[in-house]
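Everything below concerns the one structure shown next.
The values are calculated or read from the model by the stated rules, or taken from the named source; none is laboratory data. Treat the numbers as computed from the prediction; the structure is a model and nothing was measured. Cβ placement follows ideal geometry from the backbone for every residue including glycine, while neighbour counts extend to all protein chains displayed.
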Amino acid sequence: MGAAERRDRALLPQERQAGQTADWAGADAAHVLCAAVYGLADEAVEDALYDSQALRDFCSINLARESVPDATTLMGFRHLLEANELPQAILKEVNSLLKERGLLMTRGTLIDATLIAAPSSTKNKECWRDPSMHQTKKGSQCYFGIKAHIGADDESGLVHIVASAAANVSDISQTAELLHGEEIRVGADAGYVGAVKREEVKKNWRACPMRFAGT
């Protein structure tokens, strides 16, 4: 299956039914990818696209014919992807293309988690907290939000799996979700000590060494 066909398959169902092409989705997806790769907010992506010819070329933007999508448009597209549960599908297709080109290996995985803080106040328009988020403590500091659990290729550093859970969910409980099953080695920090003894890990993952930070 070619890259164009894969991109079309990632098109939102309502757009496929309407017989539209995936060109607009591919362009906006490129903007979202820029944000993910460089860790940019929507406003920063908009500024970066105006500043960088390389990024404009990547997103197929010609300022002689069109303007850069504004931050509100980018945010709306991200929310549309999330509502249709497409981010994981897009990541899977990107990783498949990278593997075909020999840029993503499958022999080793590094796993880790990072806290993503969110406002805990209910003083907002909806007067509520996101139920998927929770409070946790790291050291002497308290946080409210979620954790991003990440599995990455240990040679290239490219991410192949991302999972999310409330901030109070332990890192070790997400181990099985971060492994693709073809590893011969896994690297992790001390938060994953004992992971190899968990039933869900033993069921979905071949026996291989798990190296911990500092060893």
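Below are the figures for this structure:
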read-out: Residues being at pLDDT 85 or above, more than 9 Å from the chain's Cα centre (by Cα) and part of a strand (DSSP E or B) - total across the range 143-163; value: 5
read-out: Looking only at the range 72-100, and only at residues there that are under 20 Å from GLU183 (Cβ atoms) and exposed (fewer than 13 other Cβ atoms within 10 Å of the Cβ), the one that is modelled with the lowest pLDDT; value: GLN88
read-out: The range 189-215 residues that are under 13 Å from ILE172 (Cβ atoms), paired with ones that are surrounded by 12 or more Cβ atoms within 10 Å (Cβ to Cβ) and at pLDDT below 80 (beta carbon under 6 Å, 6 or more apart); value: ASP189/ALA213; ALA190/PHE212; VAL196/MET210
read-out: Any pair with Cβ under 7 angstrom, 6 or more apart, that starts in the range 78-104 at a residue that is outside the structural domain of SER156 (by TED's automatic domain parsing) and ends at one that is surrounded by 14 or more Cβ atoms within 10 Å (Cβ to Cβ) and small (Gly, Ala, Ser); value: LEU86/ALA10; ALA89/ALA10; ILE90/ALA10; ILE90/ALA29; GLU93/ALA10
